[in-house]
Amino acid sequence: MTSILVLNGPNLNLLGQRQPDVYGHTTLSDIETDCVSYGEACGCAVACLQSNHEGALIDAIHSSKGLHDGIVLNAGAYTHTSIALMDAIASVEIPVVEVHLSNIHARESFRHTSYIAPVAIGQICGFGALGYRMALDALCAHLGTTA
């Protein structure tokens, strides 16, 4: 069975409480539960992990090689700052779909640059929690897994 890691970065543990006008009212727990259920319906096993620590995210990406077939990544603010995450993704050679709840291109100019995008197979942003399902669909299609 295809295995996908849904990896979430800093401050996403506060979803539902933090700036609901920007990020919505859905909690990270809700998103993770939905991703696992949706993944099963698509024929994929989905594991979820969140960390506020860059090194833990890098370790999770490294550990994915040989364990997961793809990664859905919302790196949060590290999207715009972390060359280390970009290098980790490039190093493991696992397809990654970048996802963001808000439209990062319609926000502050510093959010327009993504260090993840050059090493991801695609980017989904601005669709709220639905973006995770869209990312799973895109990754499953890329991997040749269908519902």
Query raised in the report: Could we say that Gly55 is touching a strand residue (DSSP E or B) at 6+ places or on another chain (Cβ under 7 Å) and of a type in the set (Gly, Ala, Ser) here?
Result: no
Query raised in the report: Taking the range 85-138, which residues are in contact with a strand residue (DSSP E or B) (Cβ under 6 Å, 6 or more places away or on another chain), part of a helix (DSSP H, G or I) and more than 21 Å from Ile61 (Cα to Cα)?
Result: Ile104
Report task. Take the range 82-112 and flag every residue that is β-branched (Val, Ile, Thr) and either modelled with pLDDT of 95 or more or loosely packed, with under 13 Cβ neighbours inside 10 Å (or both). Result -> Ile83, Ile89, Val92, Ile94, Val96, Val97, Val99
**Report entry** Residue count for the range 37-63, restricted to those that are exposed (fewer than 15 other Cβ atoms within 10 Å of the Cβ), more than 19 Å from Gly76 (Cβ to Cβ) and hydrophobic (A, V, I, L, M, F, W, C)
**Finding:** 2
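Please pick out the residue among Ser64, Ser3, Ser37 that is free of Cβ contacts under 8 Å to residues at least 12 places away in the same chain and over 16 Å from His100 (Cα atoms). Lay out the reasoning, then the answer.
Numbers: Ser64 fails: free of Cβ contacts under 8 Å to residues at least 12 places away in the same chain; Ser3 fails: free of Cβ contacts under 8 Å to residues at least 12 places away in the same chain.
Among Ser64, Ser3, Ser37, only Ser37 is free of Cβ contacts under 8 Å to residues at least 12 places away in the same chain and over 16 Å from His100 (Cα atoms).
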Query raised in the report: For the range 1-39, which residues satisfy the criterion of being at pLDDT below 85 and either assigned to a helix (DSSP H, G or I) or basic (Lys, Arg) (or both)?
Result: Arg18, Pro20, Asp21, Val22, Tyr23
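Could you please find all residues in the range 64-77 being more than 20 Å from Arg111 (Cβ to Cβ) and surrounded by 18 or more Cβ atoms within 10 Å (Cβ to Cβ)?
Ser64, His68, Asp69, Gly70, Ile71
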Report task. Taking the residues in the range 19-31 that are farther than 13 Å from Gln50 by Cβ and touching a helix residue (DSSP H, G or I) at 6+ places or on another chain (Cβ under 9 Å) as candidates, determine which candidate is surrounded by the most Cβ atoms within 10 Å (Cβ to Cβ). Result -> Tyr23
Query - Odd one out for Asn52 among (1) in a loop (DSSP other than H, G, I, E, B); (2) touching a His at 6+ places or on another chain (Cβ under 9 Å) - result: (2)
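Anything in the range 118-133 that is in contact with a Ser or Thr (Cβ under 9 Å, 6 or more places away or on another chain) and at negative phi? List them, or say none.
Of all residues in the range 118-133, those in contact with a Ser or Thr (Cβ under 9 Å, 6 or more places away or on another chain) come to 120, 123, 125-126, 128-129.
Selection gives Ala120, Gln123, Cys125, Ala129.
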Report task. Take the range 128-147 and flag every residue that is surrounded by fewer than 16 Cβ atoms within 10 Å (Cβ to Cβ), closer than 16 Å to Ala45 by Cβ and out of contact with any Gly (no Cβ under 8 Å at 6 or more places or on another chain). Result -> Gly144
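The values are calculated or read from the model by the stated rules, or taken from the named source; none is laboratory data. Keep in mind the model is a prediction, meaning the values are calculated, not measured. We place every Cβ from the backbone using ideal geometry, glycine too, and count neighbours over all the protein chains shown.
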